[in-house]
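J.: One structure follows; several queries about it will come next.
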Amino acid sequence: MADVTLLIPCRCTLGENPLWDEAKRIFYWTDIDRGEVHEWFEVTGQTRRMYRGPKVGGFTLEADGSLALFRETDIARLEGDGSCTQTIPFSDEGAERFNDVTADPHGRVFAGTIGRSETSGGVFRFDHDGIGRLLFRGTGVSNGMGFSPDLRTFYWTCSTTSRIFAFDYDEPSGEISQRRLVHEAPPAAGIPDGLCMDTGGGFWSARWDGSRIVHHRPDGTVDGEIAIPTLRPTSCCFGGPKLDQLFVTSARGSDEPADSPAGGVFRVTGAGQGRPVKRSHLFC
């Protein structure tokens with residue numbers, strides 16, 4: 001049976017992009033609206049704000065251990081001391097900023113955007129040359145993404161329509177094709193937000209305004225859910241020494257009670273196991 005506890009009472013306005021570094025045993029997350037990136041050290045239990053600046057919609061671990069921050073108008077390399085040493089400019093007339101991102105096995109990054117309209121957002125792929133190639137548009141809020149363990153399927157979330165799609169994924173080229181709908185969430189279940197894959201090929205999807213995370217089989221079928229004691233879970237990732245802990249970020253609304261755990265990071269045990277995240281190769 002799954003067990004849910006409040007791990008970090010950080011009271012984020014918009015906590016997002018949970019990411020576990022298995023080599024350093026550090027958990028990272030961003031508070032988008034405050035323009036902050038934080039880290040939690042598993043060994044000591046201490047937290048540290050390591051960045052404050054332009055909003056960070058998502059980020060990846062680089063192969064050398066730095067972070068690639070996908071911000072409003074660029075991608076920045078964040079060093080361990082909190083300094084941004086390199087940037088890759090980004091401009092797209094349809095986008096307000098980046099949102100969820102994920103690296104593939106070859107170090108490319110699939111990066112979604114928040115659109116200026118309900119259809120102008122989309123997904124870009126950044127190859128090692130740092131150039132963003134538009135894969136598709138048609139969303140206002142591009143969200144959770146992931147690759148199946150056999151690297152044949154790419155999953156993508158459209159929060160605007162509460163739908164999750166699957167694509168055929170060609171690992172050598174990074175191309176995706178054959179888009180198909182695998183899940184449409186009913187309004188009562190909340191809006192699909194960030195997601196993470198498990199070792200069995202299924203995935204967990206956080207539900208904004210749904211107070212839960214939902215488990216899907218590889219074909220998108222729902223086969224379980226876990227209640228999270230906050231209205232707006234935003235995303236999740238596997239972490240811990242055995243990658244068998246699920247870290248869940250959340251957002252805090254202005255109408256939340258003072259004693260609400262909203263905006264905190266929750267830890268879920270008994271929800272399966274994940275794999276180490278793929279690392280990007282944009283700056284190294």
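J.: Just name the residue that is farthest from the chain's Cα centre (by Cα) out of those in the range 1-52 that are without any contact (Cβ under 8 Å) to a residue 60 or more places away in the chain and at positive phi.
T.: Out of the qualifying residues, it is Gly45.
J.: Right, next: Out of curiosity, is Phe124 surrounded by 20 or more Cβ atoms within 10 Å (Cβ to Cβ) and either outside any strand (DSSP E or B) or of a type in the set (A, V, I, L, M, F, W, C) (or both)?
T.: Details: surrounded by 20 or more Cβ atoms within 10 Å (Cβ to Cβ): yes; either outside any strand (DSSP E or B) or of a type in the set (A, V, I, L, M, F, W, C) (or both): yes.
So Phe124 fits the description; yes.
J.: Here is a further query. Can you name every residue in the range 112-134 that is farther than 21 Å from Ser162 by Cβ and touching a strand residue (DSSP E or B) at 6+ places or on another chain (Cβ under 6 Å)?
T.: Phe124, Arg125, Phe126, Gly130, Gly132, Arg133, Leu134
J.: Could you tell me how many of the residues in the range 133-166 are over 21 Å from Glu118 (Cβ atoms), buried (at least 18 other Cβ atoms within 10 Å of the Cβ) and not hydroxyl-bearing (Ser, Thr, Tyr)?
T.: The total comes to 4.
J.: Return yes or no: is Gly65 of a type in the set (Gly, Ala, Ser) and either within 24 Å of Phe266 (Cβ to Cβ) or modelled with pLDDT under 95 (or both)?
T.: Spelling it out, it is not the case that Gly65 is of a type in the set (Gly, Ala, Ser) and either within 24 Å of Phe266 (Cβ to Cβ) or modelled with pLDDT under 95 (or both).
J.: Could you check the range 37-68 and list, in sequence order, the residues that are acidic (Asp, Glu) and either buried (at least 20 other Cβ atoms within 10 Å of the Cβ) or assigned to a strand (DSSP E or B) (or both)? So that I can check it myself, show each step before the final result.
T.: Quick first cut of the range 37-68, residues acidic (Asp, Glu) only: 39, 42, 62, 64.
Across the range 37-68, the qualifying residues are Glu39, Glu62.
J.: Also, I was wondering about something else. Examine the range 205-225 for a residue that is surrounded by 21 or more Cβ atoms within 10 Å (Cβ to Cβ), free of Cβ contacts under 8 Å to residues at least 40 places away in the same chain, small (Gly, Ala, Ser) and out of contact with any strand residue (DSSP E or B) (no Cβ under 6 Å at 6 or more places or on another chain), and state whether such a residue exists.
T.: yes
J.: Hey, can you tell me all the residues within the range 246-261 that are surrounded by 22 or more Cβ atoms within 10 Å (Cβ to Cβ) and either hydrophobic (A, V, I, L, M, F, W, C) or assigned to a strand (DSSP E or B) (or both)? Can you show your working first?
T.: As a first pass, look at the range 246-261 and keep what is surrounded by 22 or more Cβ atoms within 10 Å (Cβ to Cβ): 246-252.
The answer is Leu246, Phe247, Val248, Thr249, Ser250, Ala251.
J.: Within the range 244-254, is there a residue that is among the β-branched types (Val, Ile, Thr), in contact with a Cys (Cβ under 8 Å, 6 or more places away or on another chain) and closer than 18 Å to Pro9 by Cα? Can you show your working first?
T.: Here is the first cut: in the range 244-254, the residues among the β-branched types (Val, Ile, Thr) are 248-249.
With the extra rule that they be in contact with a Cys (Cβ under 8 Å, 6 or more places away or on another chain), the set shrinks to 248-249.
Then keep just the ones that are closer than 18 Å to Pro9 by Cα; that gives 248-249.
Yes, the range 244-254 contains a residue that is among the β-branched types (Val, Ile, Thr), in contact with a Cys (Cβ under 8 Å, 6 or more places away or on another chain) and closer than 18 Å to Pro9 by Cα.
J.: For the range 4-35, what are the residues that are of a type in the set (Gly, Ala, Ser), within 23 Å of Glu96 (Cβ to Cβ) and not in a strand (DSSP E or B)? Can you show your working first?
T.: Filtering the range 4-35 for residues of a type in the set (Gly, Ala, Ser) gives 15, 23, 35.
Checking which are within 23 Å of Glu96 (Cβ to Cβ) leaves us with 15, 35.
Gly35, the sole residue that qualifies.
J.: Can I ask one more? Tell me whether the range 88-96 contains one or more residues that are modelled with pLDDT of 95 or more, under 24 Å from Phe247 (Cα atoms) and crowded, with 17+ Cβ neighbours inside 10 Å.
T.: No, the conditions are met nowhere in the range 88-96.
J.: Can you find even one residue in the range 234-244 that is more than 25 Å from Lys24 (Cβ to Cβ), modelled with pLDDT of 95 or more and crowded, with 22+ Cβ neighbours inside 10 Å?
T.: First pass over the range 234-244, keeping only residues more than 25 Å from Lys24 (Cβ to Cβ): none.
The answer is no; no qualifying residue exists.
J.: Of all the residues that make up the range 138-156, how many are under 16 Å from the mean Cα position of the chain (by Cα), aliphatic (A, V, I, L, M) and part of a loop (DSSP other than H, G, I, E, B)?
T.: 0
J.: Here's a follow-up. Can Gly272 be described as part of a loop (DSSP other than H, G, I, E, B), touching a Pro at 6+ places or on another chain (Cβ under 9 Å), small (Gly, Ala, Ser) and on the phi > 0 side of the Ramachandran plot?
T.: no
This table checks each residue for (1) in contact with a strand residue (DSSP E or B) (Cβ under 8 Å, 6 or more places away or on another chain); (2) under 19 Å from Asn99 (Cα atoms).
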site	(1), (2)
Val37	yes, yes
Met50	yes, no
Gly57	yes, yes
Asp64	no, no
Ala68	yes, yes
Asp74	yes, yes
Arg77	yes, yes
Gln86	yes, no
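J.: Go through the range 111-143 residue by residue and tally those that are more than 24 Å from Phe283 (Cβ to Cβ) and not charged (D, E, K, R).
T.: Summing the residues that are more than 24 Å from Phe283 (Cβ to Cβ) and not charged (D, E, K, R) in the range 111-143 gives 11.
The values are calculated or read from the model by the stated rules, or taken from the named source; none is laboratory data. The structure presented is a predicted model; accordingly, all values stated were derived computationally and were not measured. As a convention, Cβ positions derive from the backbone with ideal geometry for all residues, glycine included, and neighbour counts pool all protein chains shown.
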